[in-house]
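I have placed the structure first, in the form of structure tokens, so that the comments after it can refer back to it.
The values are calculated or read from the model by the stated rules, or taken from the named source; none is laboratory data. Just so it is clear, the structure is predicted and the values come from calculations on it, not from any experiment. When we count neighbours, we look across all protein chains shown, and the Cβ atoms used for this are built from the backbone with ideal geometry, even at glycine.
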Amino acid sequence: MDEEISLAFLSDYLGGLAFSPKQLDEPLPKEIPESNGNRSRRDLIVEIARREELTVRELAKRVAGSRGHYIICGTPEMIADTLVSWFKNKGADGFNLMFPYYPTLMETFIDRVVPILQERGFFRKEYSGVTLRDHLGLRQKQVEFISD
């Protein structure tokens, strides 16, 4: 992603903090202003920067690509292994997938990772009904209509 856009994303998460060209290859400043936005996301981004000792430039690239979320990269088998491990060991009950661009990466995931997850029994091969309620195993809600 373009560096200027990456820095704009980072600045937005950090309460409008502006960075001089000199600061880009240094760690985040000690003082980070409060943000009017998502405080938990802000705190997570600052924690990642401090823990991994990222420069502002490195953090900006990371935030622009993932918005502070965990990134999984690798072969289809590696991605499936990671998802299964999280599901089995970390208590995940589902995942939100955020692809950097569509439709190519989404189609690649569907065509190459989903079959591996299906083989391992971690992704359905068929749906159990026609509505979301059916797919989630919920009872059909009875609706009564009152006419005058």
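Among the listed residues F122, F145, identify the single one that is surrounded by 12 or more Cβ atoms within 10 Å (Cβ to Cβ) and either free of Cβ contacts under 8 Å to residues at least 60 places away in the same chain or touching a strand residue (DSSP E or B) at 6+ places or on another chain (Cβ under 9 Å) (or both).
Details: F145 fails: surrounded by 12 or more Cβ atoms within 10 Å (Cβ to Cβ).
Just a single option satisfies the conditions, and that option is F122.
Residue by residue, here is whether (1) buried (at least 16 other Cβ atoms within 10 Å of the Cβ); (2) acidic (D, E); (3) within 30 Å of F122 (Cβ to Cβ); (4) in the same structural domain as P115 (by TED's automatic domain parsing) holds:
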residue	(1), (2), (3), (4)
L10	yes, no, no, no
P27	no, no, no, no
K30	no, no, no, no
R62	yes, no, yes, no
M78	no, no, yes, yes
D81	no, yes, yes, yes
K88	no, no, yes, yes
D93	no, yes, yes, yes
M98	no, no, yes, yes
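Just checking, which of R139, R51 is out of contact with any Ser or Thr (no Cβ under 9 Å at 6 or more places or on another chain), under 30 Å from S11 (Cβ atoms) and exposed (fewer than 10 other Cβ atoms within 10 Å of the Cβ)?
Values: R139 fails: under 30 Å from S11 (Cβ atoms).
Going through R139, R51 in turn, just one is out of contact with any Ser or Thr (no Cβ under 9 Å at 6 or more places or on another chain), under 30 Å from S11 (Cβ atoms) and exposed (fewer than 10 other Cβ atoms within 10 Å of the Cβ): R51.
State which residue pairs qualify: first residue over 22 Å from S6 (Cα atoms) and inside the stretch 82-110, second residue of a type in the set (F, W, Y) in any location, beta carbons under 7 Å apart, and separation of 6 or more residues or different chains.
Correct list of pairs: L83/F95; V84/F122; F87/F122; A92/W86; M106/F99.
Evaluate the following for S20: is it at pLDDT 85 or above, among the hydroxyl-bearing types (S, T, Y), farther than 30 Å from F122 by Cα and surrounded by fewer than 12 Cβ atoms within 10 Å (Cβ to Cβ)?
Spelling it out, S20 is indeed at pLDDT 85 or above, among the hydroxyl-bearing types (S, T, Y), farther than 30 Å from F122 by Cα and surrounded by fewer than 12 Cβ atoms within 10 Å (Cβ to Cβ).
Residues in the stretch 1-45 that are free of Cβ contacts under 8 Å to residues at least 24 places away in the same chain and either aliphatic (A, V, I, L, M) or closer than 17 Å to G65 by Cβ (or both): how many?
First pass over the stretch 1-45, keeping only residues free of Cβ contacts under 8 Å to residues at least 24 places away in the same chain: 2, 4, 8, 11, 16-18, 20-22, 29-36, 39-40, 43.
Filter once more, so that each one left must be either aliphatic (A, V, I, L, M) or closer than 17 Å to G65 by Cβ (or both): 2, 4, 8, 11, 17-18, 32.
Number of matching residues: 7.
In the stretch 46-72, what residues are among the small types (G, A, S) and free of Cβ contacts under 8 Å to residues at least 60 places away in the same chain?
Passing the criteria: A49, A60, S66, G68.
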